[in-house]
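**Student:** Can you keep this structure in mind? I'll have questions shortly.
Throughout, read-outs are computed from the coordinates displayed, never taken from laboratory work. Remember, it's a predicted structure, so these values are computed and weren't measured experimentally. Every residue, glycine among them, receives a Cβ derived from its backbone with ideal geometry; neighbour counts consider all protein chains shown.
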Amino acid sequence: MRTTLHHRRTSKGSSGAASGTGWAGRRARRTAVVFAAAGALALTGCGGEEKPGGPKETGGASGATTAPADALPLPKLDGESLQVIAVWTGAEAENFKKVLKEFENRTGAKVTYVPTQDAMLTYLGSKISGGTPPDVALLQQPGALKQAVAKKWLKPLDSATQAQLDKNYTKGWKDIAAVDGTQYGVYYKAANKSLIWYNTKVFENAGATEPKTWPEFLKTAETISQSGVTPVSVGGSDGWTLTDWFENVYLSQAGPEKYDQLAQHRIKWTDPSVKEALTTLGQLFGKENYLVGGAKGAVGTPFPKSVEQVFTGGETPKGAMVFEGDFVAVNIGQTKAELGTDAKVFPFPAVGAESPVVTGGDVAVALKDTKAAKALMTFLASTDAAQISAGAGGFLSPNKSVDPSAYPNDTLRDIAKSLIDAGDDFRFDMSDQAPQSFGGTPGKGEWKILQDFLRNPKDVAGTQQKLETEAAAAYKN
């Protein structure tokens, strides 16, 4: 599942060289950009900040039917119907529908959006076997994309979409959506998954400061705990949040070379580096008074609620900090908290020499070789579509041609800039690279095993063995 990604990540040198001086220099610059962005977030006051989720109407989103003169040319598709599926619900879904509405207005096609479950391949398999596949799907895992290609479900990009991709995307984002040199996907949405968001009032009341290292993070948690507020809110019922916790610790502690090896299952989950990372993570998960609701409560908390617990409740919320990507801004936007004043953010603390930078994203793929499906894929690869989503808030685009002014506030502008400035110098979410049965299925594989680990973080060896058994079965090696 990992061949394409391995080639992308080692295009600047061998996997061994990835952890050498050149990579470290790029990493240091990348970390500096992230820290600068976080500093900008901290300085952003309520006067210049807008609520995420409050979209900036653009084109079709406001009912316009005439595209701007410089808009991407699209074919007339009157009478054509398309179905698009993704996992987005709530504000994310509503914002994406604005993009689809613009496509409808400019082509005459009718687009239906269907939100589905995280186990996307299972859903797609049932639709395909029933003879009703969607036209376009947005997958969350590169591993799922490659599995879908192996099943011959996906259609390669046409020349028009490829032209947009070549114009607007760096090699890294293209390579991760290709299989054996053939381009199948367009990364429409990206994520910086190495951020910790916090309630500023709780920090002020406790006399806490933003930590830069893992030991400082644990010390900050203890300081906040002593003030009477539980330090960390964990959305453990959504197993993907736990894989993100592990990946950030592992990347920072073990380094990029080991990260790539584990992502490709070229080393086993029983490797000492995994033991070290789980032991480190257990320093947090093993402290019942550091987790909102303790371990049991954390395992039962959905991700949206984990954010809500930090940014509701006035000066005495249930939690002080919540870890996750830039998309947390959408959930904060559903509360009364103001970004830059009530809610601030800092980079994931360095466990090793550097703070980690883990990215994720949603890749658009076509399951039908029709004129309408091709046109929608081309539109999703364009700046026209990306700027509508950027303006809606709670969204990062890997499209390097997007004007930063399209983002509705300084918070998103700064995080988006850090993503684009990184170029190809990033590490993609490890569980998203895995076969879906291991890294992307609720109640199974890595998600379930890490939930069990959250309940019993002392069982490091048992957790490693379970992870290795499941990984070997999924990777078939």
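**Student:** Which one, 190, 165, 298, is farthest towards the positive end of the dipole of the chain when Lys and Arg carry +1 and Asp and Glu -1 on their Cβ?
**Tutor:** 165
**Student:** Output the peptides 355-362, 134-141, 403-410 sorted from most to least packed, where packing is the average of other Cβ atoms within 10 Å over each peptide's residues.
**Tutor:** Going by the mean number of other Cβ atoms within 10 Å, highest first, we get 134-141, 355-362, 403-410.
**Student:** Relative to the present Cα-Cα distance, how much length would full extension add between residue 370 and residue 401 at 0.36 nm per residue of separation? Please list the in-between numbers first.
**Tutor:** On the way: separation 31, 0.36 × 31 = 11.16 nm, distance 2.70 nm.
Extra length available between residue 370 and residue 401 comes to 8.5 nm.
**Student:** Using only alpha carbon pairs under 8 Å that are at least six residues apart, calculate the relative contact order of the stretch 318-450 and give it in whole percent. Spell out each step's value before the answer.
**Tutor:** On the way: 108 pairs, mean separation 25.8, N = 133.
19 percent.
**Student:** Could you tell me which GluC sites (Glu not before Pro) in the stretch 219-317 are loop residues by DSSP with no more than 13 other beta carbons within 10 angstrom of their beta carbon? Intermediate values should be presented prior to the final figure.
**Tutor:** On the way: sites: 222, 247, 257, 276, 288, 308, 315; in loops: 315.
Passing sites in the stretch 219-317 are 315.
**Student:** Using the structure shown, list the pairs from 151/466; 193/444; 97/368 with a Cα-Cα distance above 24 Å, or answer none. Can you show the working numbers first?
**Tutor:** Working: 151/466 28 Å; 193/444 22 Å; 97/368 20 Å.
Flagged as over cut-off: 151/466.
**Student:** Compute the acute angle (0 to 90°) between the alpha-carbon long axis of helix 410-421 and the principal axis of greatest extent of the alpha-carbon atoms of the chain; round to the nearest 10°.
**Tutor:** That works out to roughly 80 degrees.
**Student:** Here's something else I'd like to know. Nearest 5 is fine: what % of DSSP beta bridges in the chain come out antiparallel, could you say? If you can, show how the numbers build up before the last one.
**Tutor:** Values: 23 of 39 bridges.
Among the beta bridges of the chain, antiparallel pairing accounts for roughly 60 percent.
**Student:** Just to be sure I understand the model, the point goes 7 Å from the Cα along the line to the Cβ. What's the resulting residue 163 to residue 268 distance in nm?
**Tutor:** If labels sit at residue 163 and residue 268, their model points lie 5.3 nm apart.
**Student:** With each label point set 7 Å from Cα along the Cα-Cβ vector, what nm distance links residue 448 and residue 71?
**Tutor:** Taking the simple label geometry, residue 448 and residue 71 are separated by 4.8 nm.
**Student:** Beyond a 32 Å Cα-Cα separation, which of these cross-linked pairs lie in this structure: 305/458; 344/374; 146/219? Walk me through the intermediate numbers first.
**Tutor:** Working: 305/458 26 Å; 344/374 41 Å; 146/219 42 Å.
Correct reply: 344/374; 146/219.
**Student:** With charges only on Cβ, +1 for K and R and -1 for D and E, what is the dipole size of the stretch 325-477 about its Cα centre, in debye, rounded to 20?
**Tutor:** 480 debye
**Student:** So what is the relative contact order for the chain, in percent, with contacts set as C-alpha pairs under 8 Å and at least six apart? The partial results should precede the final answer.
**Tutor:** Numbers: 952 pairs, mean separation 135.5, N = 477.
It comes to 28 percent, rounded to a whole number.
**Student:** Further question: Using a Förster distance of 35 angstrom, determine the FRET efficiency expected from the C-beta separation of residue 222 and residue 114, and round it to 0.05.
**Tutor:** Working: r = 46 Å, r/R0 = 1.31.
Efficiency for this residue pair is about 0.15.
**Student:** Give the calculated FRET efficiency between residue 180 and residue 94 to the nearest 0.05, with a Förster radius of 41 Å applied to their Cβ-Cβ distance.
**Tutor:** Numbers: r = 37 Å, r/R0 = 0.90.
Given R0 = 41 Å and the Cβ-Cβ separation, E is 0.65.
**Student:** Also, I was wondering about something else. Treating the angle as unsigned and between 0 and 90°, give the value, to the nearest 10°, between the Cα long axis of helix 90-107 and the longest Cα principal axis of the chain.
**Tutor:** 20 degrees
**Student:** Which of these values of percent of Cα pairs over 40 Å apart was calculated from the structure shown: (1) 20; (2) 16; (3) 37?
**Tutor:** (2)
**Student:** Tabulate in residue order the Karplus-calculated ³J(HN,Hα) for the stretch 267-283, using 6.51 cos²θ - 1.76 cosθ + 1.60 with θ = phi - 60°, rounded to whole Hz; enter x for Gly and Pro.
**Tutor:** Karplus-based 3J(HN,Hα) across the stretch 267-283 equals 10, 7, 6, 8, 4, x, 5, 6, 4, 5, 5, 5, 4, 5, 5, x, 5 Hz.
**Student:** Tell me, what is the percent relative contact order of the stretch 399-454, built from C-alpha pairs under 8 Å that lie six or more residues apart? Numbers along the way, then the final one.
**Tutor:** Values: 28 pairs, mean separation 8.8, N = 56.
Computed value for the stretch 399-454: 16 percent relative contact order.
**Student:** So what's the angle, to the nearest 10 degrees on a 0 to 90 scale, between helix 239-254 and the longest Cα principal axis of the chain?
**Tutor:** The two axes meet at around 70 degrees.
**Student:** Calculate the dipole size of the chain relative to its Cα centre from +1 charges on Lys and Arg beta carbons and -1 charges on Asp and Glu beta carbons; express the result in debye to the nearest 20.
**Tutor:** Roughly 1000 debye, rounded to the nearest 20.
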